[in-house]
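Have a look at the structure below before the remarks.
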Amino acid sequence: MAITTLIIIVTAFFSLITFQGNSFLPDNMRHPEWTDKYKFNAYLVWHYREYVRLFGYGLIHADFFHLLFNMLTLYFFGEGLEIILSIYGGSKLIGKLLFLLLYITALPVSTLWDLFRHRDHSYYNAVGASGAVSAVLFSVIFFIPDIPIYFMFIPIPIPGWIFAIIYLILCIYMDRKGTDNIGHSAHFMGSIYGLVFSLITKLILV
C-alpha cells in the first residue's frame, strides 16, 4: 500500500469521527472532544508544551469539504512523489520512508510562524493537513517544474513553477489581509519546506 493511501485513510478516519454534529456515525464512534485535545493552539504548545498538537492537528479538519480538498490534492500528487523519491533513493522502501518523513515533519514546520506570532494568543486555533499537503505539492513541483497544475477558475493547466509563484504570492497577500479563517502562513511555510526538503534530499542522494 502506498504511504499516501495510508495517510488518507488515517486522516479521513480521524477527521470523520471528530466532526462537530456528524450524524451518520454511531455515537460510540464519535469523538468531537478530540478536536479540542489535538487542534493546534500556539498558546498551549508554547506555554504548556503540548507538543502533540504540532502533529495531531493534521488529522483533524473543520468540515467535510476541508477534508476532501486536502485529501484530493494529496491523492493526486502524493503517490507520484513516492515514485520520484523511490527513484532517487534507489528503492521503494527508501521512497516511502522519505515521503513519510516529509509529510510528518511538515506538520510542525508549517506551524512555526503561527506558533511564534500567536504564542500568547490563547484564542488562536488551527486544524487541517494543508501545510503538509502543500509540502508534498511543492516537492513534486521541485522535481518536475513543468508539471501541469489546474488553478481555481482557470480552465487550462499552468506549469508547476508558475503555479508555485502565484500560490506563494497569494499566501503572503491573504495572510497579511487576514480577512478569512484560512491558515495561509501554514500553507506558505509548508510549501517552502517542501522545496527545501526536496533540495536537501536531491543533494544527498544524487
- [ ] Collect the residues in the range 33-90 that are of a type in the set (Ser, Thr, Tyr), closer than 18 Å to ALA126 by Cβ and assigned to a helix (DSSP H, G or I), keeping them in residue-number order.
- [x] THR35, TYR38, TYR43, TYR48, TYR57, THR73
TODO: Determine which single condition LEU97 fails, assuming it passes every other condition in (1) surrounded by fewer than 21 Cβ atoms within 10 Å (Cβ to Cβ); (2) within 18 Å of the chain's Cα centre (by Cα); (3) touching a residue at least 12 places away in the same chain (Cβ under 8 Å).
DONE: (3)
Open item on the list: Among (1) in contact with a strand residue (DSSP E or B) (Cβ under 6 Å, 6 or more places away or on another chain); (2) loosely packed, with under 11 Cβ neighbours inside 10 Å, there is one condition LYS177 misses while meeting the rest; what is its number?
Closed with: (1)
Task: From ILE166, ILE147, ILE172, ILE158, residue being over 20 Å from LEU101 (Cα atoms), β-branched (Val, Ile, Thr) and in contact with a Gly (Cβ under 9 Å, 6 or more places away or on another chain) - done: ILE147
TODO: Could you please let me know if LEU97 is at pLDDT 95 or above and touching a Phe, Trp or Tyr at 6+ places or on another chain (Cβ under 6 Å)?
DONE: no
TODO: Working only within the range 63-77, note down all residues that are surrounded by fewer than 18 Cβ atoms within 10 Å (Cβ to Cβ), hydrophobic (A, V, I, L, M, F, W, C) and under 16 Å from HIS187 (Cβ atoms).
DONE: PHE69, LEU72
TODO: Could you give me the residue pairs with C-beta distances under 9 Å whose first residue belongs to the range 51-74 and is over 18 Å from THR105 (Cα atoms) and without any contact (Cβ under 8 Å) to a residue 12 or more places away in the chain, whose second residue is part of a helix (DSSP H, G or I) and of a type in the set (Ser, Thr, Tyr) wherever it lies, and which are 6+ apart or on separate chains?
DONE: PHE69/SER130
Open item on the list: Name the residue that is surrounded by the fewest Cβ atoms within 10 Å (Cβ to Cβ), counting only residues in the range 1-32 that are among the aliphatic types (A, V, I, L, M) and not in a helix (DSSP H, G or I).
Closed with: MET1
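The values are calculated or read from the model by the stated rules, or taken from the named source; none is laboratory data. Just so we're clear, the structure is a prediction, and the values are computed from it rather than from any experiment. Positions of Cβ are generated from backbone atoms using ideal geometry, with glycine treated the same way; all protein chains shown enter the neighbour counts.
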